[in-house]
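Colleague: This structure is in structure tokens; I'll ask about it shortly.
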Amino acid sequence: MTPCAVELCDRPALSRGWCEMHYKRWWRTGRLEPPTVAEQFWAKVDTSPGHGPWGDCHIWTASCFPNGYGQFRGRGAHVTAWELDNGPVPAGMIVRHTCDNKPCVRHLLLGTHADNMRDMVARRRQAAGERLHLARLTERDVRLIRTQASARSCASIARSFGVHESTIARVLRHETWKGVTP
């Protein structure tokens, strides 16, 4: 049996002088070479308009990590998109989203972890207040606590809300729940 006509392939030829793998690739894609990493990546991205907060996000449509970020070959799809367009990410830097849309692979920039944390706080994306899964108080409770502070002791208020006295003291000193105003 004759070998496949593709250079460096020693599988037996079946059709058109190619092995089964090369024939099927040609039949599916119209070429014998395997797709490049970039072609494989961009084939999984939806570039149609209407996605994300600005309506122009390019959305990763394949596998995602449990946290919602796209996954390509075991790493973040947004990191791969950055590297395909700009080269490797320098040491100490991370790829950040400017649109806060986790599957987006378009609105990206480099920065440090500290930059990313500042963005998270500025955009109110961190868990705080009632959004914190361990929160025992609500904004309404905090306002009520602050109005009762002049008439009742911290211990008394703490018992009525089922929290520790130090929690009430931190609320009253505005160390916690800073964004809640009367």
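Rule-based calculations on the coordinates, nothing more; no lab input. Quick caveat, the model's predicted, so the values are computed rather than measured. Because the Cβ atoms are built from the backbone with ideal geometry, glycine has one as well, and the counts that use them run over all protein chains shown.
Colleague: Give the separation of the Cα centroids, the range 1-37 to the range 39-60, in Å.
Modeller: The range 1-37 and the range 39-60 have Cα centres separated by 32 Å.
Colleague: Which lysines, if any, have their Cα less than 30 Å from the Cα of Lys44, not counting same-chain residues under 8 positions apart?
Modeller: List returned: Lys24, Lys102.
Colleague: Around Trp60, with a cut-off of 13 angstrom between Cβ atoms, what is the net charge of the other residues, counting Lys and Arg +1 and Asp and Glu -1?
Modeller: +4
Colleague: To the nearest 20 debye, what is the magnitude of the charge dipole of the chain about its Cα centre, counting +1 on the Cβ of each Lys and Arg and -1 on the Cβ of each Asp and Glu? Walk me through the numbers on the way to the answer.
Modeller: Values: 26 positive and 17 negative charges, 168 e Å.
The calculated dipole for the chain is roughly 800 debye.
Colleague: Identify, among Gly179, Thr138, Cys104, the residue whose Cα sits farthest towards the positive end of the charge dipole of the chain, taking +1 on the Cβ of Lys and Arg and -1 on the Cβ of Asp and Glu, with the dipole about the Cα centre.
Modeller: Value: Thr138.
Colleague: Further, regarding this structure: Could you please state, rounded to a whole Å, how far the C-alpha centre of the range 164-182 is from the C-alpha centre of the range 84-121?
Modeller: 33
Colleague: Stretched out fully, how many nm does the piece from Ser150 to Arg131 gain, at 0.36 nm a residue minus the Cα gap? Walk me through the numbers on the way to the answer.
Modeller: Working: separation 19, 0.36 × 19 = 6.84 nm, distance 2.81 nm.
In short, 4.0 nm is gained.
Colleague: On alpha carbon coordinates alone, what is the Rg over Rh value for the range 129-172, Rh being the Kirkwood radius? Walk me through the intermediate numbers first.
Modeller: Details: Rg = 9.8 Å, Rh = 10.4 Å.
So for the range 129-172, dividing Rg by the Kirkwood Rh gives 0.94.
Colleague: Compute the distance in nm between two label points, each set 7 Å from the Cα along the Cα-to-Cβ direction, one at Arg73 and one at Ala43.
Modeller: 1.4
Colleague: Another question about this same structure. How big is the chain by Rg and Dmax over its Cα atoms, in Å?
Modeller: 27.8, 97
Colleague: Could you tell me the calculated FRET efficiency between Glu175 and Asp85, based on Cβ-Cβ distance and R0 = 35 angstrom, to the nearest 0.05? Numbers along the way, then the final one.
Modeller: On the way: r = 44 Å, r/R0 = 1.25.
For Glu175 and Asp85, the calculated efficiency is 0.20.
Colleague: Divide, for the range 43-125, the radius of gyration over alpha carbons by 2.2 N^0.38 Å, where N is the residue count. Present the calculation step by step, with values, prior to reporting the outcome.
Modeller: Details: Rg = 12.4 Å, N = 83, 2.2 N^0.38 = 11.8 Å.
The range 43-125 yields a ratio of 1.05.
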